[in-house]
Amino acid sequence: MKILKQKSKAKRSVLLLVSILLIAGIFYGVFARFTGNWPFTTPPSNKTNGQDINYSPPTNDQKTEGERIKERSVDQSNNETATPPTANQKKNTPITITAANQNNGKFQVRFLIQSLDEGTCVLRLTKDSGSVTKTSPTQALPSSTTCQGFDIPLTELSRGEWVYTMTFTGKSYTGSVSNKVTIQ
């Protein structure tokens with residue numbers, strides 16, 4: 001009798017394990033189907049907006065047109081870089097004021113020139129009939145240029161509103177920017 005009881009306990013254990021796995025499989029199937037994680041989905045079609053995608057090698061006409069477009073692009077870029085501006089044909093470049101502060105008895109102003117060029121920066125401050133002019137060389141950055149900076153002692157500037165204009169003159173580019181500052 002003892003042997004029969006042990007066999008029935010073993011059968012029950014196996015039957016219980018199979019039942020649990022079967023129920024878990026059913027729950028996974030239902031879950032996967034409704035969440036879009038179904039492993040047996042059909043692959044997406046090769047259509048884009050109702051048109052088939054052509055994966056075949058390009059035709060001779062397509063190759064010829066591609067070569068023509070490349071040649072036109074190269075010709076355009078050669079024409080743009082073939083004639084650098086001369087001294088009389090300087091291009092205008094944007095200039096940004098990056099800082100304008102009054103610190104430690106000085107008016108400090110910094111500029112960023114949006115082109116890579118060697119040149120000179122001239123800062124002119126005007127108020128009423130008076131003016132102050134300072135000059136600074138440029139410093140090249142990776143893709144732009146900056147003036148090496150202007151630190152004007154406040155003793156050279158009277159209190160009140162001043163207009164300052166920085167003019168950049170380089171080998172290939174020129175530009176200027178103006179703003180107002182109130183000296184306190």
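The values are calculated or read from the model by the stated rules, or taken from the named source; none is laboratory data. If you're wondering where the values come from, they're calculated on a predicted model, not measured in any experiment. Neighbour counts are summed over all protein chains in view; Cβ atoms, including those assigned to glycine, are modelled from backbone coordinates with ideal geometry.
The table below lists the values:
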{"quantity": "Count - residues of region 73-104 that are exposed (fewer than 10 other Cβ atoms within 10 Å of the Cβ) and either in contact with a helix residue (DSSP H, G or I) (Cβ under 9 Å, 6 or more places away or on another chain) or modelled with pLDDT of 65 or more (or both)", "calculated": "3"}
{"quantity": "Tally, over region 89-106, of residues that are touching a Pro at 6+ places or on another chain (Cβ under 8 Å) and within 25 Å of T182 (Cβ to Cβ)", "calculated": "2"}
{"quantity": "Residue satisfying all of: in region 116-137; closer than 15 Å to E156 by Cα and among the aliphatic types (A, V, I, L, M); nearest to the chain's Cα centre (by Cα) among these", "calculated": "L123"}
{"quantity": "Within region 143-184, considering residues that are among the hydrophobic types (A, V, I, L, M, F, W, C), over 18 Å from C121 (Cα atoms) and surrounded by fewer than 17 Cβ atoms within 10 Å (Cβ to Cβ), the one modelled with the lowest pLDDT", "calculated": "I183"}
{"quantity": "Close pairs from region 167-184: first without any contact (Cβ under 8 Å) to a residue 40 or more places away in the chain, partner of a type in the set (S, T, Y), Cβ under 9 Å, at least 6 apart", "calculated": "S178/Y164; S178/T165; K180/Y164"}
{"quantity": "Selection from region 40-69 of residues that are among the β-branched types (V, I, T), modelled with pLDDT of 75 or more and part of a loop (DSSP other than H, G, I, E, B)", "calculated": "T59"}
